[in-house]
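**Q** Handing you a structure now.
The values are calculated or read from the model by the stated rules, or taken from the named source; none is laboratory data. This one's a predicted model, so the numbers in the text were calculated from it and none came from an experiment. All Cβ positions, even for glycine, are placed from backbone atoms using ideal geometry, and neighbour counts span all protein chains on display.
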């Protein structure tokens, strides 16, 4: 009887070890499921990987769901901005826009990021040519 019990315990332990090994090898945690502290650190680290011209879908795959987003249509260009938390200002448990880095896209392509780029986005209107905003964003990101 003791040998059967020992065999059963060994089989359960071996099964558990195999399960943990498979999880460690195949499980890829989602950015969206991270705690805010982990996600903030992840976002800070990966902001350096961004390049002008990156597709919006690639950025969303890298960073997950945006904390905030805005969009408008101006002179034939679809302008959108995604905000990702990168720094904490208040320990209130709430993410605000001033704790995020804005990423600006024109027709689905990354054309700039940061506070200056966001200010240009806010002032872009229908009387501003598409190329003027694009050129200003490129200059601000250099």
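**Q** I'd like to know if region 55-73 contains one or more residues that are over 26 Å from residue 109 (Cα atoms) and surrounded by 11 or more Cβ atoms within 10 Å (Cβ to Cβ).
**A** No: zero hits.
**Q** OK, next. Considering only residues that are under 18 Å from residue 65 (Cα atoms), at pLDDT 85 or above and part of a loop (DSSP other than H, G, I, E, B), which ones fall in region 88-113?
**A** 108
**Q** Scan region 38-53 for residues that are surrounded by 15 or more Cβ atoms within 10 Å (Cβ to Cβ) and in a loop (DSSP other than H, G, I, E, B) and report the count.
**A** Just the residues of region 38-53 that are surrounded by 15 or more Cβ atoms within 10 Å (Cβ to Cβ), to begin with: 39-40, 42-43, 46-47, 50.
Okay, now just the ones that are also in a loop (DSSP other than H, G, I, E, B), so 50.
Here the count works out to 1.
**Q** Another question, if that's okay. Out of the residues in region 54-66 that are modelled with pLDDT under 95 and assigned to a loop (DSSP other than H, G, I, E, B), which is farthest from residue 30 (Cα to Cα)?
**A** Restricting to residues being modelled with pLDDT under 95 and assigned to a loop (DSSP other than H, G, I, E, B), the top hit is 66.
**Q** Let me ask you something else. Among what's in region 46-62 and is free of Cβ contacts under 8 Å to residues at least 40 places away in the same chain and within 11 Å of the chain's Cα centre (by Cα), pick the residue that is farthest from residue 94 (Cα to Cα).
**A** 58
**Q** Could you tell me whether residue 95 is in contact with a strand residue (DSSP E or B) (Cβ under 9 Å, 6 or more places away or on another chain), over 19 Å from residue 117 (Cβ atoms) and in contact (Cβ under 8 Å) with a residue 24 or more places away in the chain?
**A** yes
**Q** Quick check on my filter: what residues within region 64-92 are closer than 16 Å to residue 39 by Cα and touching a residue at least 40 places away in the same chain (Cβ under 8 Å)?
**A** Answer for region 64-92, where residues must be closer than 16 Å to residue 39 by Cα and touching a residue at least 40 places away in the same chain (Cβ under 8 Å): 84, 85, 86, 87, 88.
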